Amino acid sequence: MTDARLAFLILALPFLGSLVAAFLPARARNWASALAGLVALIALVLLISFYSVVSSGNTVLHAVPWLPSLGLDLTLRIDGFSWLFALLILGIGALVVLYARYYMSPEDPVPRFFSFLLAFMGSMLGIVLSGNLLQIVFFWEMTSLFSFLLIGYWHHNQSARDGARMALIMTATGGVCLLVGFLLLGRIVGSYDVDTVLSKGELIRDHDLYLPTLILILIGAFTKSAQFPFHFWLPHAMSAPTPVSAYLHSATMVKAGIYVLILLWPVLAGTESWYLIVATTGLATLLLGAWAAIFQHDLKGLLAYSTISHLGLITLLLGLGSPLAAVAAIFHTVNHATFKASLFMAAGIIDHETGTRDLRKLSGLAHFMPITATLAMVAAAAMAGVPLLNGFLSKEMFLAEALEAHSGTLLDRGLPVFATLASMFSVFYSLRFIHQTFFGPPPTGLPHTPREAPHWMRLPIEILVLLCVLVGTIPALTIGPLLDMAVRSVLGDRTPAYSLAVWHGFTLPLLMSTIALVGGVILYRLFGGRLNAVAHSPIIGRLKGRRTFEAVLAALIDGARAAYRLVSTTRQQVQLRLLIVTALAAGSLPFLSLGYSLGALDQTLLDPVFAVLWLLGAAAAIGAATQAKFHRLAALAMVGVAGLATCISFVWLSAPDLGLTQLLVEIVTLVLLLLGLRWLPQRLPDIWRDGHIPFQVGFRRGGDLLLAVLGGAGAAAIAYAVMTRPPPNGISRFFMEQAYRGGGGTNVVNVILVDFRGFDTLGEITVLSIVALTVFTLLRRFRPAAESIEIPDQQKVQNAFDDDREGNAFGDTARHYLLIPRIIMEWLFPVILTCALYLLVRGHDLPGGGFAGGITASIAIILLYMAGGTRSVEARLHIQPVRWISAGLLCAAATGAAAWFFGYPFLSSHFRYLDLPIIGQVPIASALLFDIGVFAVVVGTTVLILIALAHQSIRTPATRRSAKSDPADGDGQERID
């Protein structure tokens, strides 16, 4: 039997390939395409190895421990239906990769494209292979994110950016609704496990929360699968490269909503609410999409609206609620994927070789590209439902279900007419695609002379068209076993008897199909020649979904700005005042309801030395507050004294780790504030009037003083009440006892950070990385004030800046004054760096760790900048903070994921002693690798922020003048990779 752990490898391979592709050179098109194709093929082979298991009716389950204490695991589940869907994702994905290799221009950053494509492939696999509802939502949102990147890949194109934004907002909003719906579904069932949910259909349908749960889940599925009225985002996504369009429209993205509807069909279908909502939405989407497709002049636009129509057909089938309709929905999902992918690729070849997709400019291409024309005509015929092609079989099943009585409503009685009409429209736009593109006189005025595409570019279309023909002629031998496997995994005991025979005799569905074919041809003969003069589709052309979307989005933005103007202010002091007042109010509520009391522990006598230390710290804090209005540099020095008092207090109270970290943070913060001093506005000269503070200024400062006293007193009161009570027996004792036994370290604080609470630490360094990148991005657009740094003899130093031709922090004159300190700083660099590594390595047993070591290393780098200047340091060290951040996050995450391969939960650590020659026994813990990741992230984020500040602060007047002349470029500084 196939090892279930291979399912995890199938999911992980695309993400690993995406990561590797992201680091390939921008022009490594062949390497990137080979990597992407190899990843897709290996994952496909691994998936096929599960066929013997799932075809026998078994479900492959593989649970990777994640948060066992909360009942959350990374659960992978492969049954017949998910296997078939994954086959489409990987199979068509491999063909798209081959097609993209020849479609994408060598001038494009192709490795980035394949990186996004592989990540998107992995996200779709995550949806169909997930065995947990919340896990489905996670990968659902990942598909929205990576589809945004793929649709907006050509970000220089305004339409691509707009389409990507629209797709992201619509699908992500639907994802939020899906999350809430799944949370309600989990509450009803009592579990988020997919198999458990699928076994509780009667409980779900009878529950009071069924209707809101159903509506929320359907909104999520409808937005993803472009159902009316959320369909408008899909045609605007056509600005994406054609390989993206082919992949999104066939096997991924828009099929994600269909997958969820089919997956939950056994537990949600069968009610009147399901029928009315799903069937009505599907029918409206089917008709409107088909009608709009008729009037499109862009090849990809025509195919996009046809996709909307066919997705509506599948949704309508699912809405009917009968098992046979569900069979037809699954069958048409597979058929649509094959002929729609081939059609999009054919449209891409036409665009690639002629330079246009406009049907009004195309004609007679069959003479120039006969092979592509033949392939496209067969695929379009399959889309139209021509006999002996796969589209005919599933559409005939659809027509048969349309004739059945389902609810007796007006919708049910009119369904045969609507189904025939929609099929007729399908024939119409398919015939228009074929006739106006490949027949008629030779085209004139095209950007490129038409010619046949390379064979390897056509090969994916040839394979897909061959499948259309094989399934249409011998369905029982080709798609039959796979369809039966998928249907039985979804319907179980409710699986109906159905036939995939090509000929069922002269039946009413055959008559309806014939009427649709003949009627579509007649309509095209009557009206096809007039369509080129039509600007947009009647009726629907006036219902611009994009206008509605943009109007709603603009209203939301305007409302947010109005709310911001109402409750916010540009003055930071007022914002801080509001935060403190809110915190004081929230902190006072428990005291008002429960009162305040001290514990029974005896009070410890206050040490006079410790009291003097705190008095010094308090005096420094008060001095900083008073000196701030006279001399900011002096105030900053006093803040450092108060911070130093806090460091000594931590050490005094037996918290050396906190004391060390506080000391290092104080140093870096001091440099940060020094670099930011020159950005502060100059103080107004008329604040003081005749030696007296104006009343409004004094009132404001008095209020600030009162808030500060109340906040400090409240925090002190809480701390004092806690310290007079005995410590709880559970938490602290547990960590003290388990730090060495379970984590392999005697430094309890570090063991907690990298082992017991490693997941929190991983989240914190991720947030830290995001903050650093955000700060850097903002600083690139920020223009500091002219001159406000308060230092003596400012003109002399400014002249030194102006004379510095290397862009250093100090000119030749200034460097002459600081020659000896500069030499000492450079000598200190290896010493401090050695201390940083020492703190890193010893952190598991003694005060230190990744955070302390990273801050220390940052201090060493900052010293070099202070001594040598930006350009000279970066020319020697080639500092690349972003890569430090990336490497640190990857190292930390990989350390946590490594535990999975040994059957332990994520971020489980392991330690042992190694016997080394001469040295003897050396303790080794896997948590050290995690700490190295923390170290790298801290170094990267700290240096990124400080270097960005330094680059802004050292710009010469000439640089500032150039920045002002071109405020849109956001540079005026060195690029920090």
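Please treat every number below as a calculation from the coordinates, not as lab data. Keep in mind the model is a prediction, meaning the values are calculated, not measured. Glycine also receives a Cβ, built like all others from the backbone with ideal geometry; neighbour counts cover every protein chain displayed.
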### Summary
Residues whose modelled amide H sits under 5 Å from the amide H of Leu446, counting only those 5 or more places away in sequence or on another chain, are none
### Task
With all distinct Cα pairs included, what does the Kirkwood hydrodynamic radius of segment 475-536 come out to in Å, to one decimal, could you say?
15.4 Å
### Mean separation of Cα contacts under 8 Å (6+ apart) over length of the chain, as relative contact order %
9 percent
### Message
Within 10 Å of each candidate Cβ there may be at most 15 other Cβ atoms; applying that plus a DSSP loop requirement, which chymotrypsin sites (Phe, Trp or Tyr not before Pro) in segment 381-463 survive?
### Response
Phe439
### Query
Can you give the convex hull volume per residue for the Cα atoms of segment 52-174, as a whole number of Å³?
126 Å³
### Task
Collect residues whose amide H, placed 1.01 Å from N in the peptide plane, falls under 5 Å from the amide H of Leu72; neighbours closer than 5 in sequence don't count.
Leu67
### Task
Compare the peptides 901-914, 73-86, 239-252 by average per-residue count of other Cβ atoms within 10 angstrom and give them in order, highest first.
239-252, 73-86, 901-914
### Query
Just for the chain, what percent of DSSP beta bridges are antiparallel, to the closest 5?
100 percent
### Query
Can you give the helix-only mean residue ellipticity at 222 nm for the chain, where every DSSP H stretch with n ≥ 4 adds -39500 (n - 2.57) and the sum goes over all residues, rounded to the nearest 500 deg cm²/dmol?
-23000 deg cm²/dmol
### Query
Which one of Gly599, Leu324, Phe735 is farthest out on the positive end of the charge dipole of the chain, using unit charges on Cβ (Lys, Arg +1; Asp, Glu -1) and the Cα centre as origin?
Leu324
### Rounded tilt (10° steps) of 80-103 against the dominant C-alpha axis of the chain
80 degrees
### Query
Which entries in the list Lys224/Lys361; Lys340/Lys361; Lys200/Lys395 go over 27 Å, if you measure between the two C-alpha atoms of each?
Lys224/Lys361; Lys200/Lys395
### Task
Specify the angular offset, from 0 to 90 degrees and rounded to the nearest 10, of the alpha carbon long axis of helix 572-594 from the longest principal axis of the alpha carbons in the chain.
90 degrees
### Cβ-placed point charges (K, R +1; D, E -1), dipole of segment 251-404 about Cα centre in debye, nearest 20
300 debye
### Query
If one takes the longest principal axis of the Cα atoms in the chain, at what angle in degrees, from 0 to 90 and to the nearest 10, does the Cα axis of helix 480-491 lie?
60 degrees
#### Entry: For the chain, projected area of the alpha-carbon convex hull averaged over all directions, nm²
50.0 nm²
### Query
How big is D, in µm² s⁻¹, for segment 116-215 by Stokes-Einstein at 37 °C and 0.692 mPa s if Rh is the Kirkwood radius over C-alpha pairs?
222 µm²/s
